[in-house]
Each structure stands twice: as structure tokens, then as C-alpha cells.
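The values are calculated or read from the model by the stated rules, or taken from the named source; none is laboratory data. These figures come from a predicted structure and were not determined experimentally. We place every Cβ from the backbone using ideal geometry, glycine too, and count neighbours over all the protein chains shown. We work out accessible area using only protein heavy atoms, side chains counted, and drop any ligands, DNA or RNA first. Shrake-Rupley method; radii C 1.70, N 1.55, O 1.52, S 1.80 Å.
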Amino acid sequence: MFEPCKAPRPVGKRGQSPKKVPRFVVGCEDDEQNMGQMEAGMKKEMFREEDMEDDEDQLPSERQIVVGICSMTKKSKSKPMTQILERLCKFDYIDVVIFPEEVILEEPVEKWPLCDCLISFHSKGFPLDKAVEYARLRNPLLINDLNMQYFIQDRREVYRILQEEGIDLPRYAVLNRDPGNPDECNLVEGEDHVEVNGEVFPKPFVEKPVSAEDHNVYIYYPTSAGGGSQRLFRKIGSRSSVYSPESSIRKTGAYIYEEFMPTDGTDVKVYTVGPDYAHAEARKSPALDGKVERDSEGKEIRYPVMLTAMEKLVARKVCLAFKQTVCGFDLLRANGHSYVCDVNGFSFVKNSMKYYDDCAKILGNMIMRELAPQFHIPWSIPTEAEDIPIVPTTSGTMMELRCVIAIIRHGDRTPKQKMKMEVRHPLFFELFERYGGYKTGKLKLKKPKQLQEVLDIARLLLVELGQHNDCEIEEKKSKLEQLKTVLEMESSLNDNQYGHFSGINRKVQLTYLRNGTPKASSEEEDCKKEGPSLLLVLKWGGELTPAGRVQAEELGRAFRCMYPGGQGDYAGFPGCGLLRLHSTYRHDLKIYASDEGRVQMTAAAFAKGLLALEGELTPILVQMVKSANMNGLLDSDSDSLTDCQQKVKARLHEIMQKDQEFTQEDYQKLAPTGSPSLVNSMKVIENPVKTCDKVYTLIQNLTSQIRKRLEDPKSADLQLYHSETLELMLQRWSKLERDFHMKNGRYDISKIPDIYDCIKYDSQHNASLGLEDTLELFRLSRALADIIIPQEYGISKAEKLDIAQAYCVPLMKKIQLDLQRTHEDEAVNKLHPLYSRGVMSPGRHVRTRLYFTSESHVHSLLSMFRYGGLLNEEKDQQWNQAMEYLSAVTELNYMTQIVIMLYEDNNKDPSSEERFHVELHFSPGVKGCEDEENVPLGFGFRPASSENEDKKPNQGSLEDLSQDQTDQALPVSEPINIRKSPMIRSRKTGSMEVLSETSPTHSSKGCTSHRLFQSSTSRQSPDIKAAGGLELFSMPTVKRFSVSFARHPTNGFEGCSMVPSIYPLETLHNSLSLKQVDEFLNSVCESSSEAHAKTMKALSGLFDSQSQTSLYSPHQPLSSSGSEASLRPLSQPLWHGSIPSSAVSSAGPSSPTTESTGVNFSFSE
């Protein structure tokens, strides 16, 4: 790299008269100098290199070197060009001549101005042929080769040259559509892929016109993510792309098809000046939501980033291969690799004074080095300084947030439903064979085309059944009808073509049964047939609702408040510190989701709120959300329950089938942990069978009310929430009515969660129907569910731990790695310290890992923390209170969060245990319908960032954690004194009235907004904290603020539904050491040796191979950023100090293929 220019020095030592101000000329013909020589308002002082001083005795009698600028006026008069030419003119021997546009366009090249060195480049309307002719005529030194600029205009040539140079680029194929050359236009378009000349590209893929002048690049998304395409174009105002529902590719024109690279939502633009200098900037990827981020001056926001050694080598290769000294190109950083996806030729960085200095200096030195000898100009080459070493700074004495890990349950969904039927028709067996069902004996059908085939069979069978009743087909009519109805049900897209199966919300599973069904369930008839059959299970529902989407997005928005600070363009927004961190590339964010549609959509909506994105969720899902169905990290195969779980379910059924009031012994059996939430529910129920009778009667009553509504012509066509109909609602409830009361007269306890699920949904979303007795049904089914659901995850502490380990050991291991990796971030994208003005500590990072999953993982993880022996309740008062609070929580509702935050205290010795400090926070998620009265209360959100108030940190620091600013528009409540018992905090603090965002002075009464999220900080001196014990709860004042979403554009949408608010985070513990947490994680993961063996196998696949995959990239080698990749050597203690990060980016070693990992991932489903 070149050293920054020294301040210009006046020339004129030893009696020299300073040279005249350099001429900055708009040239015409060589002899006409009367074009009015433009004085480029520069200071009289010149700068030139120190090494020139030797020869300064001779006055410069030599003629000047003339640098000609030959390009369109828009380019030659642009701000960057003007800034650079002004600096170039400060070289004593260089004069600049700008060729006027009319001369370039209209005059023959013989009449163009003369020059010794030519900077000429193509842009729209530029006659490149004439420039080539001029160069042949005059033979000047060319800064950018002209002939190569023809190649740069054709993407096919660009890719060919990149390939020849061995530069990594995305896998691609060219479709020429040239009638004279039919071999090159073989195209097969599938529903979720395209095949070009034999190369298959599964969606998402990119379609680029072959002409580099055409910026209409399209990205096509898979149906599983919602389909459609993103259309990119040259920036127009504040947009650079737009989402379109169109899923099929363009039918005319020549295109390059290439695989889509998952880059976490940023692009890197690299600008070279010669082979040894490259400046790089990150900007938001135009494919993400198409909104261009602009600063207060209206310029696109970009942040300079550091290039890795590999990337610098790529910049060198690009510059030399295309023979363009000044050259811009685009890098995609994905899977720990960097790929070049576009070369733009001549382009300058905008608004960077440092770059202008460097660029002029390098060009000037280059011109002088080449031409000075032949003009006999005294000149020696200046020595280049090496890269300046970077020393990360810290922000004074505050604890610094280093890592946030959150495990979050998905948002509000439609009720999950399933139907089973045994099928024997040859068409079903044919289908089973065609999709390879016999390999494993099981088959999952999710794709629209597959579901369409099932629907066709169902329709065919119904027609046959209709013709004659004695037909051999024994599939039951009613079930086939239901199969047909569900598959024909329009999805939320309301789209009648067969694309209406949005791949996310229904699936058919077929299982091969050698001798027919093993046991008759309540639904089966007794007349059984011999021979093999298939068990068809149809699952539908369970889609994220619009309310769930709003909850996730709002929670994402509120989540920003956990991050420190916020200045500059972002000041005055709550949580803007995070946006600034993220946009300055110092936020290392990864979002994982299990492979269920509702979980993925929740993650995408959360990311949208967290990062202030706009528009559709599909592009955000494809780029930001990684699928973590790797070895059960976030998915659990619900069909394969552990032995322990089976036994627990059997015991539950036994206890709940007694037709008598609960005895003391039952309390012991069912609630050995003495949890208040369980005990309360048992008191409500009294006699389980009698309660089930009541529930059954209430369901019968409900279905008859719905039938009456259906007969009434006024309400028959009523549209319910999320485009459900009364007909579908009736089917939902009648099925529960049939299944709950079994033929042997007993109740099927496993249906209770489904009943609660449905009534919860209807009382929230369909309350406008005004059905009677729904609240009583809600109350009773909830009391039953509050026992059944948590106890299915274990009744005694030992069982709870056993079952929890089966679910979440891989996740616990991953969390442990996340915490360890934070303070040894060697391989993260870094901000470039020389250029990052206004960013106080460019060297530092916050790492965020978000895991979105379903109820089972959240229950299990919480059980681990509660019963795994993290702290001793007797000895630790704070933990004791936290346990009391948790045992009073009845339900882990949608959007439940478990949050782990890691802080670093830079004043403590790096090897001391006090250096790293961990906190645990929790929220039970969304508020239920009738929750306000009896909800348990914790102690508010007390992050470490609020401590050490007496030490005044550097006020200017961006990461000044003590400045936990509340937004001006948000109300700050009176000081609250926190009482000792978690159960009796003043009700007022729990549900503070929220001011709507639009009218900061009137509270939004009567509106459906609730308090969403309270972030509170408490000022407390460090000695209180160390003492632990009860003083902790006599904190001084608590500052609380809340984010309202009263005026959210989607709030209350789809008619009658309201979006319930989410409980604020409560702190479970705020003074754990990292060592404590690490030892705890070690012990719970090790204690189950069987689980351990399973985990190590999973981890060897997940980490040793350094493989982590993007959600939609089934066919590429899996690799990850080195930061997550290798297990730490055991000899070094975990809490060992913070290593200063070096300036490298995300490139880490990658595994060449998946086969070698020992664990085979298949993501194609």
C-alpha cells in the first residue's frame, strides 16, 4: 500500500522561485492554447517527493508531461475525477488536458489534443473505436488498456478471462439463443430449477443479460421460500431492485445463469489503482429489499472494509488480467470464500479524501516512473510504506457487549392439523415408488408438483367411487373428500393456478406397512384387509399468521434496544446503535432456523425488523436465514420419541384418566417439582375426567353453533381470519370432537394441546363470530394443557433433564462455541480503520447468533438451565428468585425468548475470571388472551451495561454502554422500587400505557397496542453486584421505555384480529462468569454419554468439516467462516484473554466436499 500523502510542501528552497500554478487545461487542437487556461483553484504550494530534492539545483527547463483525459463530460467533470486531477496537477512536471466531449464526438482523431499519457474509458455513448484509433496514431502511455474495454462490455468475455486467470467465480452457464448455433441454446425450465446446456441450477439462481451495459439482473427464488423473483436495475432514486411474483425465466435474449451466493446481505465493491492498491467498500446488497440506504447528503451509505490477503491477490489478478490500472469489480463473500461476480472497468471511489490522495499519488508516481526518463526529468521512485499496523481501541472503562445469543420460538400460527388414512390403490404405490419411497420405507411430499399428483389421485378415486358403490376401492369417501379439500385449499396467496400450493404449509407423508396397519386407531374400521398398504398422513396448517409476522418483526425492532449507543445519522431512534454496528460491518450476525416454514418465516420477519429492511420476506429469507437442520441443531424428529418420553406420556395418560379428584398422592406424582403453575392448574381441574367431559360437551356445543351459522345464508360465506371459511373451521373442530372421545369411551389426552391450540386461535382471531362459551372452553383446555404440555418434557427433574438432553445437546454445544469464539475473532470482516471516520472503535465486534425453533427446543433448553445445576438455589439469592419466577410461568408461548449476553470488562486482567461476564434473560413470549391478571413478574431487564455509572467514560465513544439512551418520543416512567418477591411487583410497572408512535402526547387508548418490550436499565454500583444476595433488589431507579406498535401499518390487519404484545425480557441472572457458564455447558453436554456420542458425531459434521450451509444451496461444497470452524485446543483455558483481532476477513478454510465429513447432509428436500 502507499503511505498517505504528506501535507503539500512549498517548493522554492535554495533561491528557487516557486513554479507557476500548474495548468489544468481543457484541451483542443495541440496548437490552440487560447482555450482559456482553467486555473484550478489550488494553493501555490506544491507537493512532490522528498527524493526529488537531490536534483533541485537545476530549474525545470524540461517540458511538462501532458496527461489527457478522454471520456464523456459526465465522467471527466465528476467530483471524484476533479478531486483526483487537482491533486495530480500538484506534481511539478504534470499538466492535465481534458478533451471536450464535442471534440471527441465530432472531430477526427487527428484534431484531438496531443498528450503523452492517456486516461480514456468507455461509458454510455463513448466512441471507443475512435479512442483506439487515437492511441494507435499518437501512441501515448495508456493508463487503462482500450482494446480490453470491448471485452468488459460482454459478461461472457469477463467470465472467460476470470476463469482463465484462476479467479473464483460462481458456477455458471451461458444461454446464447443464437439460431446459427443451436448447441448453445438448450434450455429446460423446471419448477424449481433450470437446466442450461446440461448444467442444472436449482433455485435460487441468478439470470444476467450477457451485455454488461444491461443492468436488469434477476434472481429467482424457490417455491419453498415463497417463489417469485427479485429484479435488480440501475439505481433509480432510492430503489435498486423490486420483488416480483413472476417465477418463470425470460424467454428472449442471451443470458448467463449462475448459482446464487448467500452473502448475508452485503456486497463488497473493490477499486484498484494499479496492481498493488485496492480500496474496498461494503454496501447493502441490492437484492435484499431493493431500498438504497442513503446518508443525510443523499449518498448511498457504504463502509470501507479490509480485504484479506487472498482478496488482495484477486484484486491484483483482475487489474492485470484486464489491463485496467483503475478498475472496479464486485466481490461476493459467501461460505468463507470470495467470488468475483462482475468487473466494471474504470471507476473511482466516491467521497473518500484518503482515496483521492492515494489515487493521485499512485497515478502520478506511475506516470513519472514511465515517462520521466525519456523527458530527462530528474525523478527517483519514492519508497512505499508498508500497511499500517492496526491496533484496536477500547471504549474506556465500560463493560463492552461482545456477544448476544438468543433462542426464540416461532410466532403465532394457524392450528396444526393432520389426518391419517390407510391406502392400497395401485396409483399410490406407483407414486411411492416413483419418488424413491422404497429406499427408506418413508416418503415426504412437499413440492407443488408432488401434491398435485396426490390431488389428482384423490379426484380420480372419488369419481370412481361416485360411479358405483360396490367398487373394490376401500379408501373412505369422507377421508378422500378431506384430502381433496385440503389440497385444493387456496393458500394465503389466493392464487388459483396450480402454483397455489405455497410449499410451506402442507405435506403428505407416506409410510410403507408390510401387513397393513398394526393396530386399529379410533378412526379405523374393524374389517381389515391382508397384504401391504401405505399409511398416508396429511399435515396442514401451522402457517405463520400475519399476526405472527408482525410479532416477529416488532420483536426484531425492539431487540435492537439491547445493543449500545447510536449516533450520527441514526441518533434519536431507539436501538439505532445496532443498525450502525451492522452497517459498519462490525456486527457479525448469523440467523439459523429449523426447516419448518413457520420458523423460517419468523426468522425472516425478525431479521426485517432487526435490520430495518423493507418489502417481501422471501429475499430476506433466502439471503439472511441459514437452515440449521444439521443433525438436530434446531429440528427434532417428532416421530422418534425417546424411551423416556414414551414412559412419561404413558404415566400422564394414566393419571389423567382417573375419574376422581386429584389426591395428595397425585400432586406428588404429577408435580414433584412443586411448580406453582402446575399446582394452580390442578386446582382448577380437580377431577380430570369430569373436566374432559366438560371440554367434550363444550366442543359439541361449539360445532353445533358453527353448523347453525353455516345454514344461515347471511353468514354462510363469512370470511374468517387468514382466509379460512366457516366450512374449514367446522372441519377443524369436528375432527377434534371425533378424535378426543375414543370408541372405548376414554379420552385421548394427546389431543388436549390441539384443542387448546384451536380455541386459543379462535378466541384471538375469530372473536367477532361471537360464539358462546368459548372463554370457558379456553379456560378449561388451558388448565389441562398447562399440565400436559410441560410434563410431556418430563415429570421429575431427572426425566426433564434426560428428555432435554435428547433434544438440545447439539444446540448447547453450538452455544458454547459461540461464547468461546467471541474473544478470538480472527476471521471476521473488518472495517478499515484508516477510512472509518466517525466510528470510534473500528476494530471491535459484536457477535449475534439467533436460533429460531419450535416449542420442544425452548422447553428443553429452559429445563437444562433450570435443572442442570448452573447455580445453587440455596446459596444464590438471585437465582432462587429467578427459579420462583420460572416455575410460576404457565406457558412458553409464541416468540418465547432465552437470551444469553456476554460482556467483556477491558479493565480486568485478561486471564482473570472477571474479564468475561455472562447474563441470562428470558421472556415467556406473547401475552395470552386473559393473561393480565395472574401473570408472574420477574425483576425487569437488568443488563450489565447499566453499571459502573460513577466511572465517566469517553463521551464520544460509540460503544459507550452507559448511555443507554431512551428515544425522545418514548415515555420514561417514574423510578420504580423493585420489591423482593417476584410475584408482587406493582401492577402499574407491568403494563405501562404506551404512547403511540405518531402522537407522542396522547396515550393510544382503545387501540390494540400493548407494551411490546421493555428495556430497562438500572444504575447500581459494582459493590452491590459483587455482594449478590438481597441487596441486589434494592436498586435505585429503573429507567423503562417501551416500543409501541399502535400505528404499525399491518396492525389489526385482516379484519378482526389483534396482535397481542410480547412480555418484556426478565433478567434471570446478571453476574455469571464465563468460566461458570462454560463448565456448566460442559457438564450437561458430557453427562449423557449416549447423547454425547450422538453429539460428537453431529459436531464432527458441523464443525470439524467447517461446514455450515445456506438454506438454499444444496449442491455447493459446504463451508463456513473460519470463525465457527475448529474446536479450541483443550490446553488453553476458555476464559483466556481477549486477543486483538487482526485485519482479516471471513475467508476460512473450506471443505472441498461434503462426503468427507462423515455425516451426510441432505438439504435438497
Would you work out the Kirkwood radius for region 683-821? I mean one over the mean of 1/r across all pairs of different Cα atoms, in Å.
17.3
Please give the FRET efficiency for residue 683 paired with residue 456, using the beta carbon to beta carbon distance and R0 = 51 Å, rounded to the nearest 0.05.
0.45
Calc'd 3J(HN,Hα), region 201-207, phi into Karplus 6.51 cos²θ - 1.76 cosθ + 1.60 (θ = phi - 60°), Hz, glycine/Pro = x, comes to 10, x, 5, x, 9, 10, 10
Put 188, 132 in order of accessible area, largest first, probe 1.4 Å, and you get 188, 132
Which percent of the accessible heavy-atom area of region 136-201 goes to carbon and sulfur, probe 1.4 angstrom?
44
Surface accessible to a 1.4 Å probe, residue 722 within the full protein complex, Å²
30
Convert each backbone phi in region 251-268 into a coupling constant with the Karplus relation 6.51 cos²θ - 1.76 cosθ + 1.60 (shift: θ = phi - 60°), then list the ³J(HN,Hα) values in order as whole Hz, x for Gly and Pro.
9, 10, x, 9, 9, 9, 10, 9, 5, 7, 9, x, 10, 6, x, 9, 10, 10
Please list, short to long, the whole-number percent of alpha-carbon pairs of region 52-211 in consecutive 5 angstrom bins beginning at zero.
1, 7, 12, 14, 12, 11, 9, 9, 8, 6, 4, 2, 1, 1, 0, 0
Non-local amide H neighbours of residue 305 (under 5 Å, H modeled in plane, Pro and chain starts lacking H): which ones?
280, 281, 282, 832
Using 0.36 nm per residue of separation minus the Cα-Cα distance, give me the extension gain between residue 877 and residue 136 in nm, one decimal.
258.2 nm
If R0 = 35 Å, then residue 199 and residue 320, at their Cβ-Cβ distance, give a FRET efficiency to the nearest 0.05 of 0.75
How are the Cα pair distances of region 60-152 distributed, in percent, across 5 Å bins from 0?
3, 13, 25, 26, 19, 11, 3, 1, 0
Kirkwood Rh for region 141-207 from C-alpha pairs, in Å, is 14.1
Would you mind checking which residues have amide H under 5 Å from residue 1066's amide H? H placed 1.01 Å from N; only 5 or more apart, or other chain.
922, 923
With N set to the number of residues, divide the alpha-carbon radius of gyration of region 187-310 by 2.2 N^0.38 Å and report two decimals.
1.19
Please give the solvent-accessible surface of residue 737 in Å², to the nearest 10, using a probe radius of 1.4 Å with every protein chain present.
40
Per-pair calculated FRET efficiency, R0 = 45 Å: residue 234 and residue 435 via Cβ, rounded to 0.05
0.55
Give me the accessible area of residue 333, 1.4 Å probe, in Å² rounded to the nearest 10.
20
Of all accessible heavy-atom area on region 207-324, the percent that carbon and sulfur account for (1.4 Å)
55
As a quick test, which of the pairs 539/800; 539/797; 442/694; 743/800; 449/477 have an alpha carbon distance above 30 angstrom in this structure?
539/797; 442/694; 743/800
As a test of reading the structure, rank 316, 434, 250, 821 by solvent-accessible area (1.4 Å probe, protein chains only), most first.
434, 316, 250, 821
Could you please put 276, 666, 295, 717 in sequence from largest to smallest accessible area, using a 1.4 Å probe?
717, 276, 295, 666
Given H placed on each backbone N at 1.01 Å, which residues far from residue 403 in sequence or on other chains put an amide H within less than 5 Å of it?
847, 902
May I ask you to give the solvent-accessible area per residue for region 108-243, in square angstrom, as obtained with a 1.4 angstrom probe?
44
Given labels modelled 7 Å from the Cα in the Cβ direction, how far is it in nm from residue 168 to residue 663?
6.9
Roughly speaking, what is the stretch gain from residue 696 to residue 727, that is 0.36 nm per residue apart minus the C-alpha to C-alpha distance, in nm to one decimal?
9.1 nm
